[in-house]
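Engineer: This is the structure I want to talk about, given as structure tokens.
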Amino acid sequence: MAVFLANLRSEPRLAHRLLAVVFTLFAVQHLLTSLAVMELRPGLVWWRPILAMGLAPATFLHLRAMARPSKRLTPGDLIHLAGPAGLALIRMLLGDGPYLDQAIILSLAGYAGYGLIRIVPTTPAARRWKYMVCGWLFLMALADLGVMVELAGSDDLGRSRTLIVMIAGFLVFLAYFLLTSLNQTGPLSWIMTRIRRDPAGNGPVKTRLEHHMTEARPWLDPELTVARLARQLGLPQRLVSETVNDQFGVSVSRWINGWRIAEAQRLMAAEPGRPLVELMLDCGFQTRSNFNKAFKDVTAETPSAWRTRNCAPASPTAP
């Protein structure tokens, strides 16, 4: 999930990358928790509460970048590292103690409340996203509080049923989040679709689609689908499909074929005697039947009839 978010090319990029940091911290924290339960790698496990302290500020910065895309990170934002750095210093001086869990809980709850008050999104979708994320931080704080109460007077994490249920639940959620997002569906794509949508319409997405089709010529790929096209642009599949439907008035497959047919017409005009089988392969079609059907859907003529009417006489060897 972190790799997916870090490689998104769509705006707001800073918000995507900060959310990638959140998922990375979350994954590493769960790995260290698992090691702690199995009593392995104590040197690595030592960093578990320190990384947990960084989860809330990273999430807050993500929300701020989502609400204010023009806002960039500044040296002043280093103040958000004070919590993890301070906790690491105190732990080196005082050793372990219940204050570690208490500090993490306060950080999660404090940043959740601070985000609700401080961050003021400009769109309804961004506001809903803020409430969802801040609610998630509050739930994390409550879950940590439950673990702390359950393990009062004991350091055996393996005895905590709350921790086991929490880890299992979060792993299921992360798996769902990952699978749906890789397929450009699910909650992340849903919210990003609405955050990025232009109030005046889908004009910017339309422009990006046309530019990509003109410059990258992805329609030359016979296996091109709306999902693959959406991944190339870093856009949700649903947004690409809706934009093509609304702005061009056709399905995505017909729109893609339109680009291929336009190329076929250009090649036929440039090389009237070239066999149609060779030509169709150079336009992104794999079979003659699909080529003929798509060509007739777009032009109301077969390729041979169109070439006979619009181009110089075809070569005798042309099919």
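The values are calculated or read from the model by the stated rules, or taken from the named source; none is laboratory data. The structure displayed is predicted, hence computed values, not measured ones. Using ideal geometry, Cβ is built from the backbone for each residue, glycine included, and neighbour counts are taken over all protein chains shown.
Engineer: Taking region 32-51, which residues are surrounded by 15 or more Cβ atoms within 10 Å (Cβ to Cβ), free of Cβ contacts under 8 Å to residues at least 60 places away in the same chain and in a helix (DSSP H, G or I)?
Structural biologist: Of everything in region 32-51, those that are surrounded by 15 or more Cβ atoms within 10 Å (Cβ to Cβ), free of Cβ contacts under 8 Å to residues at least 60 places away in the same chain and in a helix (DSSP H, G or I) turn out to be Leu32, Leu35, Val45, Arg48, Pro49, Ile50, Leu51.
Engineer: If you check Arg266, Arg260, Arg309, which single one turns out to be out of contact with any Asp or Glu (no Cβ under 6 Å at 6 or more places or on another chain), charged (D, E, K, R) and within 18 Å of His212 (Cα to Cα)?
Structural biologist: Arg260
Engineer: Could you list, in sequence order, all residues of region 115-138 that are of a type outside the set (A, V, I, L, M, F, W, C) and exposed (fewer than 15 other Cβ atoms within 10 Å of the Cβ)? Show your work before the answer.
Structural biologist: Residues of region 115-138 of a type outside the set (A, V, I, L, M, F, W, C): 115, 118, 121-124, 127-128, 130-131, 135.
Answer for region 115-138, where residues must be of a type outside the set (A, V, I, L, M, F, W, C) and exposed (fewer than 15 other Cβ atoms within 10 Å of the Cβ): Arg118, Thr122, Pro124, Arg127, Arg128, Tyr131, Gly135.
Engineer: State all residues of region 94-142 that are among the β-branched types (Val, Ile, Thr) and farther than 28 Å from Trp46 by Cα; if no residue qualifies, say none.
Structural biologist: Ile117, Ile119, Val120, Thr122, Thr123
Engineer: For the condition modelled with pLDDT of 80 or more, within 30 Å of Gln232 (Cα to Cα) and not in a helix (DSSP H, G or I), what is the one hit in Arg64, Arg9, Arg72, Arg17?
Structural biologist: Residue meeting the stated conditions: Arg72.
Engineer: Name the residues in region 212-250 that are assigned to a loop (DSSP other than H, G, I, E, B) and not basic (Lys, Arg), would you?
Structural biologist: Correct list: Ala216, Asp221, Pro222, Glu223, Leu224, Thr225, Gly234, Leu235, Pro236, Gly249, Val250.
Engineer: Further question on the same structure: Can you tell me which residue in region 265-292 is surrounded by the fewest Cβ atoms within 10 Å (Cβ to Cβ), limited to those that are touching a helix residue (DSSP H, G or I) at 6+ places or on another chain (Cβ under 6 Å) and either of a type in the set (Val, Ile, Thr) or assigned to a helix (DSSP H, G or I) (or both)?
Structural biologist: As a first pass, look at region 265-292 and keep what is touching a helix residue (DSSP H, G or I) at 6+ places or on another chain (Cβ under 6 Å): 267-268, 276, 279-280, 283-285, 291.
Filter once more, keeping what is either of a type in the set (Val, Ile, Thr) or assigned to a helix (DSSP H, G or I) (or both): 267-268, 276, 279-280, 291.
On the way: Leu267: 17, Met268: 23, Leu276: 21, Leu279: 20, Met280: 23, Phe291: 24.
Checked region 265-292; the qualifying residue surrounded by the fewest Cβ atoms within 10 Å (Cβ to Cβ) is Leu267.
Engineer: Filter region 47-97 for residues that are β-branched (Val, Ile, Thr) and out of contact with any Phe, Trp or Tyr (no Cβ under 9 Å at 6 or more places or on another chain); which is farthest from Leu137 (Cα to Cα)?
Structural biologist: Here the residue is Thr74.
Engineer: So is Leu87 more than 30 Å from Arg128 (Cα to Cα), surrounded by 14 or more Cβ atoms within 10 Å (Cβ to Cβ) and modelled with pLDDT of 85 or more or not?
Structural biologist: It is true that Leu87 is more than 30 Å from Arg128 (Cα to Cα), surrounded by 14 or more Cβ atoms within 10 Å (Cβ to Cβ) and modelled with pLDDT of 85 or more.
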